[in-house]
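Step one of this worksheet: look at the structure below.
Just so it is clear, none of the values below were taken in a lab; they were calculated from the coordinates. As the structure is a prediction and not an experimental result, all values here were calculated from the model. Positions of Cβ are backbone-derived with ideal geometry, glycine not excepted, and every protein chain shown enters the neighbour counts.
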C-alpha cells in the first residue's frame, strides 16, 4: 500500500511538472519565433516545389522510426530534411515542418503499434521540436551573417549543430525532471545516440541541400537511401540488444519453473538492486546491468536438489554446503553466454563478505565487486521480509518487519554487508522501492 501510494504521488507530481514544462517550452518557442528576424533570411519567392518535396520526404523519414524499446526511446530521421527546409525555403518553414511532423507522428504512429500518447506528452515533444528549430535557425542566421551568405552547405551544418545540441539538452533535462534522475545520466545516454546518428545526419543533410541547390528538388527522395541504411543499422543493434534480454528472460523462467518461490523474490531484488546502484552513483546502463545480474543471481539453484532447496526446515551442514555451490554453478552456467560475461563475477561473488568469511572464494573486502555487495544486501533483506502474497515467505521461519530487517542489515554492516551499500539501500527502502 505504501509503495503504491508513493508511486501514485510521484506520477501526480511528474504530471504537474510536465504541464509546467509544456507551458514554459511553448512560451519560449513562440517568443523565439516572434523575436527572430526570419523575414530577413528568407528568399523573395517561396520555392513551393522544394517545400512540398521536403515536407513529403521528411514525413516519410519520420514515419519509419527505430523503437529503442529497452531504452524507452524512439529515434527518428527528419533532421536533414528540416535543415534543408531552413536553408532553401526559410527558417520559419523549418519550424512549421518539424512541429507538424512531431504532432502528426506522436498522435498517429502510436496507433500503428498499439500505444497512445497523452496530449501533454505530444505538446512537450512539439514544444521541444519548435525550440530546437528556433535555436538551430538562430545559429544558421548567425552563420549566414558572418559568412556573408551563399554557402548553403555550411548553413545546413550550422542549423543541424544548433538543433542537435539544443534538442539533446532539452530532452535530457525533461527526462531527468520526470524520472528524478541526475541530468548527467540522461545527457550521457542522449549523447551516445546523438554521436551515433549525427555523422550520417550531417552527410545526408549536405546531400539534400546539394540536390535542391545544384540539381533538382525532385531528386531529394534519393536521400532516403542513407536514412534507411542508418535505420537498418540501428535496428540490427537494437535486435541484438533485445535478444540479449530474451536470453536473460529465458534463464530466469527456467529458475521460476524449478522453484516457484523465486519468482517474486527475483523481481523484488532486481528492482531494488538497480535503485541502489543508481544511488551509489552508477550510470543508468551500469545500473541496468546490476538489475540483470540480480535477476540471475540465483540461476545456479537450477542445479540444487529440489528436496534441499524447498525443505520446510533448517538445512543441516551437508545440505547447506550443497546449496552454497549455487553461486559457482550460476557463474558456470552464464560463462559461455558472451553478452552475460560481465555479470559472471558479480553472480559468483554475491555471497562474499567484507570480513572475508563469505563463499565461494573467501575474498577480502577490496576484491569483492560492489555489484555483488549490492545484490547481497538486497537479497538478504528480501529473504528476511519476503513478499506480500502466499508462498512468498520462507517456509522455515516467520518473516521480519521492514524495520527489523533494516536493523539486522545495519547490525551486520562491516562484517557481512558493505556499510555504504546498506546506507544506500535504507534510503531506497524509505522511498518505497523495496517495500
- Message: Under the 0.36 nm per residue contour assumption, what length would be gained going from the current alpha-carbon distance of residue 240 and residue 303 to full extension?
- Response: 19.8 nm
- Which semi-axes, in whole Å and largest first, does the equivalent ellipsoid of region 255-430 have when worked out from the alpha carbon gyration tensor as the square roots of 5 times its eigenvalues? 22, 20, 17
- Task: Please work out the Cα convex hull volume for region 290-333 and give it in Å³ per residue.
- Result: 78
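Could you rank the peptides 282-295, 408-421, 353-366 by their average count of other C-beta atoms within 10 Å per residue, with the highest value first? Numbers along the way, then the final one.
On the way: 282-295: 21.1, 408-421: 17.7, 353-366: 15.2.
Highest to lowest by the protection proxy: 282-295, 408-421, 353-366.
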